[in-house]
Amino acid sequence: MGHLGDVRSGGAVLAEGLIAGTQIATMGGWRSVESLAAGDAVQTFAAGAQRIRAVSRAMTGRAAIPQVLWPVVVPAGALDNREELVLLPDQRVLLVTDVAEDQFGERFVLVPAAALDGWRGIRRRRSRADTAVVRISFETPQILYASRATLVSCPGETPVTPDCAMLPLPEAEHLVACLMAEDLGVALWGQAKPAPRRWF
């Protein structure tokens, strides 16, 4: 799990993993991530049902955390999520967009959640002390459904070549800026549409 410092020291800064309360799609319905255990079968984006190989848990520390490492708050609906979703800044999120294909030659891209700041109301929020963070791993890396249809990446014990591009933060921020411009363009076009003619 991405972190700085010792998670048991009270001074850790966790930057990757799923925050307790996050709802994950399993073969038996939606379950909070902290209730999952090794052996449970979850629904994945590209590989159907997959069993969890390992689960680890940690708590964020009480020390002051710099703003760059604050969690990312995704309002309901921003990423087709059913309710507000809180992600750690280094948590990878899968975006499927033609804009990414135009920019990077790949329609499916993994971006750090930090890159989403400012898009569709997504924002950073001051980190809360003693927040439980859960790390799920599989035999190979998998994409899970969180809070209905937000797609989050989880690591695998066996490294494999990913089926999608993994963008570093600068490229991910550029992509999100393009998506913001696209959203704005669509909104402006919608406002500028002429009123339909009425024939009498």
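The values are calculated or read from the model by the stated rules, or taken from the named source; none is laboratory data. The model shown is predicted, which means the values in this text are computed figures rather than measured ones. Here the Cβ positions follow ideal geometry from the backbone for every residue, glycine too, while neighbour counts run over all protein chains shown.
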Being closer than 15 Å to Q142 by Cα and among the hydrophobic types (A, V, I, L, M, F, W, C) is the filter; apply it to the range 34-50 and report the residue that is surrounded by the most Cβ atoms within 10 Å (Cβ to Cβ). V42
Of the residues that make up the range 126-147, is at least one of a type in the set (D, E, K, R), at pLDDT 95 or above and under 24 Å from P75 (Cβ atoms)? no
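Residues are listed down the side, and each one gets a yes or a no for (1) touching an Asp or Glu at 6+ places or on another chain (Cβ under 6 Å); (2) crowded, with 18+ Cβ neighbours inside 10 Å; (3) of a type in the set (A, V, I, L, M); (4) farther than 13 Å from G17 by Cβ:
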| residue | (1), (2), (3), (4) |
| --- | --- |
| P66 | no, no, no, yes |
| L79 | no, yes, yes, yes |
| Q91 | yes, yes, no, no |
| T97 | no, no, no, yes |
| E101 | no, no, no, yes |
| F104 | no, no, no, yes |
| A114 | no, yes, yes, yes |
| R128 | no, no, no, yes |
| V134 | yes, yes, yes, no |
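Kindly indicate which of V111, V133 is touching a Gly at 6+ places or on another chain (Cβ under 7 Å) and either of a type in the set (A, V, I, L, M, F, W, C) or without any contact (Cβ under 8 Å) to a residue 12 or more places away in the chain (or both). Break it down into steps so the answer makes sense when it comes.
Details: V111 fails: touching a Gly at 6+ places or on another chain (Cβ under 7 Å).
Unique residue meeting the criteria: V133.
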Residues V99, V160: which one is farther than 30 Å from G61 by Cβ, assigned to a loop (DSSP other than H, G, I, E, B) and either among the hydroxyl-bearing types (S, T, Y) or more than 17 Å from the chain's Cα centre (by Cα) (or both)? V160
Taking the range 51-64 as the region of interest, how many residues are surrounded by 16 or more Cβ atoms within 10 Å (Cβ to Cβ) and not aliphatic (A, V, I, L, M)? 3
